[in-house]
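Have a look at the structure below, then the notes.
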Amino acid sequence: MNPETEISNVNATDEELLADIRNVAQKIGKKTLQPLEYKDHGKFFTSLILSRFANWNKALEAAGLKKVVKNGVPDEEIIADMKRVAAIVKKDVISKEDYRMYGDFGVSVIFNRFDSWEKALEKSGFKKSSEKDKKIRDLMENLEDVWIKLGRSPRFVEIRIPFSRYNGTQYIATFGGWHTSLDLFEEYISSVKVETEQSIAGKPVLENNHKTAKNINRQTRFHVMKRSGFKCSVCKNNSMTNPGVTLDVEHIVAYEKGGETTDENLYVVCSECKKQKEGNIQA
Ligand SMILES: [Zn+2]
């Protein structure tokens, strides 16, 4: 295209512009078109098209073509964009939802490039904070397990390997103090997340018109045990009265028979009673 035709180009209608985009796409046999490809074959300035349609993808959309998936974008640009989103949402590790909301490239582009969300986070340098998160979760889950074993709030001196998977000093080092650790535990254990279809990696989990997911999460488990005084609902034992016994939480009406994962339909059962119950079913 030569500059002398530019003036008449400015008067081109939107339809003429779109028709030419379609024409070029057809000519080079593509369902989408990069701006550079249009520049080589098109009649109009790409800048004219951009000024009419706000951006290149909007023009493609209006022309009935597929949007440009930014495959040509260097990894660094995608990584920079993930960091930009992290700054917007003020988080150390961003979720797919965060990125979907604020990212420039689309989650699918990231998946195609890095294979998985985890790998993309790793490449973007988010991994370290995600390891720290994992450590914190581990410490909290251990505190929960010790609490259940004792049937009450643990004392600092009781947090010792092998009764506990971590020593108390590790809590002090991570959280600054024992009381702070217990405060944070309260926060962790009361953050009950109701599991819905969306929360489990896109897999539908709610079958047969259930209102709740089958899985009894750690927070619900703890809550039900606390309600029962950390004792088996059947025989009232726990690992303090009967060493070796472990506690579990189960549905009263089986989930398969329509029972929901709600407080009223959950009870505590010890490993001994569970064995007996299973024996009865088999007999
Ligand atoms: Zn029992």
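The values are calculated or read from the model by the stated rules, or taken from the named source; none is laboratory data. Only a predicted model underlies this, so the values are computations on that prediction, with no experimental measurement involved. Glycine also receives a Cβ, built like all others from the backbone with ideal geometry; neighbour counts cover every protein chain displayed.
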- [ ] Could you run through the stretch 115-137 and say how many residues are assigned to a loop (DSSP other than H, G, I, E, B) and acidic (Asp, Glu)?
- [x] 1
- [ ] Keeping to the stretch 20-41, report how many residues are among the acidic types (Asp, Glu) and under 18 Å from residue 73 (Cβ atoms).
- [x] 1
Open item on the list: Give me the residue from the stretch 258-274 that is in a helix (DSSP H, G or I) and within 36 Å of the chain's Cα centre (by Cα) and, out of that set, modelled with the lowest pLDDT.
Closed with: 263
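The rows are residues; the columns are (1) more than 12 Å from the ligand (Cβ to nearest atom); (2) farther than 19 Å from residue 148 by Cβ.
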residue	(1), (2)
217	yes, no
257	yes, yes
260	yes, yes
277	no, yes
- [ ] Looking only at the stretch 173-190, count how many residues are surrounded by 12 or more Cβ atoms within 10 Å (Cβ to Cβ), of a type in the set (A, V, I, L, M, F, W, C) and within 11 Å of residue 139 (Cβ to Cβ).
- [x] 3
Open item on the list: Can you pull out every residue in the stretch 262-275 that is without any contact (Cβ under 8 Å) to a residue 40 or more places away in the chain, within 24 Å of residue 189 (Cβ to Cβ) and either in the same structural domain as residue 151 (by TED's automatic domain parsing) or within 10 Å of the ligand (Cβ to nearest atom) (or both)?
Closed with: 269, 270, 271, 274
Task: Residues (closer than 20 Å to residue 213 by Cβ and surrounded by 14 or more Cβ atoms within 10 Å (Cβ to Cβ)) located in the stretch 247-261 - done: 248, 249, 250, 251, 255, 259, 260, 261
Open item on the list: Looking only at the stretch 233-255, count every residue that is more than 10 Å from the ligand (Cβ to nearest atom) and of a type in the set (A, V, I, L, M, F, W, C) and tell me the total.
Closed with: 5
TODO: Kindly indicate whether residue 230 is surrounded by 17 or more Cβ atoms within 10 Å (Cβ to Cβ), more than 16 Å from the ligand (Cβ to nearest atom) and modelled with pLDDT of 90 or more.
DONE: no
Task: residue 153, sole failed condition from (1) touching a residue at least 40 places away in the same chain (Cβ under 8 Å); (2) out of contact with any Pro (no Cβ under 9 Å at 6 or more places or on another chain) - done: (1)
Open item on the list: Checking residue 163 against (1) part of a helix (DSSP H, G or I); (2) over 17 Å from the mean Cα position of the chain (by Cα): exactly one of these is not met. Which one?
Closed with: (1)
